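**Student:** Starting off with a structure, shown below.
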Amino acid sequence: MGPIDDLRRIASQWLLVLIVGVLGGASAWAYAISLPTQYLATNSIFVTSDRGETTSELLQSSTLTQNLMQSYAQLATTPTVLKPVISQLGLDTTPQALASRVTAVTPLNTVIINIAVTSQSAAQAVVLADAISDSLARTVLTLAPKKTGSVPSIAVTTVTPAQLPVGPFAPDTRLIVLTGLLLGFVLGAGYALARKVLDTRVSTKKDLDRVSTAPLLGMIGRKRRSDPAGLIMRVLPQSAPAEAYRRVRANLEFLDVDNPPRSAVVTSASARDGKSTTAINLALAMTECGSRVLIIDADLRRPSIAELCDLEGDVGLTTILLGYVGPEDAIVRWSDGLDVLPSGAVPPNSGQLLGSAAMKTLMQRLREDYDFIIVDSPPLLTATDALGLSRLTDGAIVVARYKSTTRQQLAATTDSLDAVNARILGIVLNRVRERRTGLYYGPLKAVAAASMPQMSPANKKQIPGLLGRQPTTDQETVTILKSKKLPRDVQNVSLKH
């Protein structure tokens, strides 16, 4: 991950960052209004020395006074200075508590002491500042060196009396709120970034690339709640998810142009990833180009193909493997070009049946009768049946569920297939949000153009003449072609893409 990826992750969670930032500002505002209002009053006293008669003595006396200024400033917060103030004003406090509200500083190379006092009352702040400066002056005169006749050698004068504050000194609500907003945005951005970094669920092609080198065959969008129930290729054949299944079909066909796969086992990492519905919809998409397709329910642990297709599943794959019936008696014609072989009775030894010589012989026989065979198998992290089936087919299609399958689960699935030298045809990311799948729905002209060389030159020239004009969209081409009596190779290739 680079800085650009970090910014994109944060930007994708902008609403979370905004909410946390606003909460930070609101919390800071609540904290600010809970603080008591404070007023600040300041005054300044000037310390001079008249000790000495010559210039040299006056210079020495001035240097001594400057050296003592820090000590005099420290006296302002001592009980010696503050106790008389408490007694004079009748305050209900202690010298330590009052000292926490008093600050005395001496600017560098000066003989001035600035005294600042905070209080919840503006008038009291002024009274305290003046009282403390008077008490400090008396204490300094008491401790200062004496001249002849017990006269202090230092004079202390108030040069800037305390003034009534025009407004509160604290709290600075604006600064506190801005600080809270800033901290909130920082915490929100940090949480959003940590949430994305620590989230191992598969959601993008980059997540797949980090796990496996297998190609992404397609991203299938989820069906909306308002859509009718049923398999998407039958109830909504013109929807975006249906086009995504056609894209998976096309990608399989062009996976190996010289030796395209004719059979595949469909598996997933865990249950509820949508492998069975993916297998059926993919089979329906293949029949649109005139292929004879067979789907086999080899998930002998939790079979679902018969239920999804609304078929009786008592006679099926297990019945054939046990030798009770032949394939022609168990295979059911479900739609034009698509046959279904249900699972049959659920056996206690599904792994042995699927790995038997009878299963191998059955697959070899069925490959002679069908253009493509799709085998639905159990999830790989639940059972290892798919490993043996992947060796009987041309490869495996792994279905991962968007923001459900983790990278660890997908890695374990692909590693298991690699361990038995099984070919991974690709990965299908299922139930993706439509705004993401839209990024992968491109024009079909490129695919159609790649398929045109399969037609004869004479048939290529027939399309514009039969249509009467040049179609503006691919969908218009498909609609018109369905109503025309075109040569079979023109119609198959055109309707296919």
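**Student:** Hey, could you check region 213-229 for residues that are exposed (fewer than 13 other Cβ atoms within 10 Å of the Cβ) and small (G, A, S) and say which is farthest from T413 (Cα to Cα)?
**Tutor:** If we take residues in region 213-229 being exposed (fewer than 13 other Cβ atoms within 10 Å of the Cβ) and small (G, A, S), then S226 is farthest from T413 (Cα to Cα).
**Student:** Oh, and also: Are there any strands (runs of 3 or more DSSP E) wholly within region 334-448 with 3 or more residues that are within 24 Å of the chain's Cα centre (by Cα) and modelled with pLDDT of 95 or more, and if so which? Break it down stepwise before answering.
**Tutor:** Numbers: elements: 338-341, 372-376, 396-401, 424-432.
The qualifying strands (runs of 3 or more DSSP E) are 396-401, 424-432.
**Student:** To continue, here is another question. Mind checking whether some residue in region 121-134 is surrounded by fewer than 19 Cβ atoms within 10 Å (Cβ to Cβ), of a type in the set (S, T, Y) and assigned to a loop (DSSP other than H, G, I, E, B)?
**Tutor:** Checking region 121-134: at least one residue is surrounded by fewer than 19 Cβ atoms within 10 Å (Cβ to Cβ), of a type in the set (S, T, Y) and assigned to a loop (DSSP other than H, G, I, E, B).
**Student:** If we keep just the residues of region 288-322 that are acidic (D, E) and out of contact with any helix residue (DSSP H, G or I) (no Cβ under 8 Å at 6 or more places or on another chain), which is surrounded by the fewest Cβ atoms within 10 Å (Cβ to Cβ)?
**Tutor:** The first filter runs over region 288-322 and keeps only residues acidic (D, E), leaving 288, 297, 299, 307, 310, 312, 314.
Next cut, out of contact with any helix residue (DSSP H, G or I) (no Cβ under 8 Å at 6 or more places or on another chain) only: 307, 310, 314.
Values: E307: 12, D310: 8, D314: 13.
Looking at residues that are acidic (D, E) and out of contact with any helix residue (DSSP H, G or I) (no Cβ under 8 Å at 6 or more places or on another chain), I get D310.
**Student:** For region 168-204: of the residues being assigned to a helix (DSSP H, G or I), at pLDDT below 90 and among the charged types (D, E, K, R), which is farthest from S121 (Cα to Cα)?
**Tutor:** Checking each candidate, the answer is K196.
**Student:** Of all the residues that make up region 307-337, how many are in contact with a Ser or Thr (Cβ under 6 Å, 6 or more places away or on another chain) and over 22 Å from L284 (Cα atoms)?
**Tutor:** Final tally of qualifying residues: 1.
**Student:** Sticking with this structure for a sec: Filter region 323-333 down to the residues that are in a loop (DSSP other than H, G, I, E, B) and in contact (Cβ under 8 Å) with a residue 24 or more places away in the chain, then identify the one that is most open to solvent (accessible area, probe 1.4 Å).
**Tutor:** G323
The values are calculated or read from the model by the stated rules, or taken from the named source; none is laboratory data. If you're wondering where the values come from, they're calculated on a predicted model, not measured in any experiment. A quick note on method: Cβ atoms are made from the backbone with ideal geometry, for glycine too, and the neighbour counts reach across all protein chains shown. Areas reflect the complete protein model, heavy atoms only, side chains present, ligands, DNA and RNA absent. Shrake-Rupley method; radii C 1.70, N 1.55, O 1.52, S 1.80 Å.
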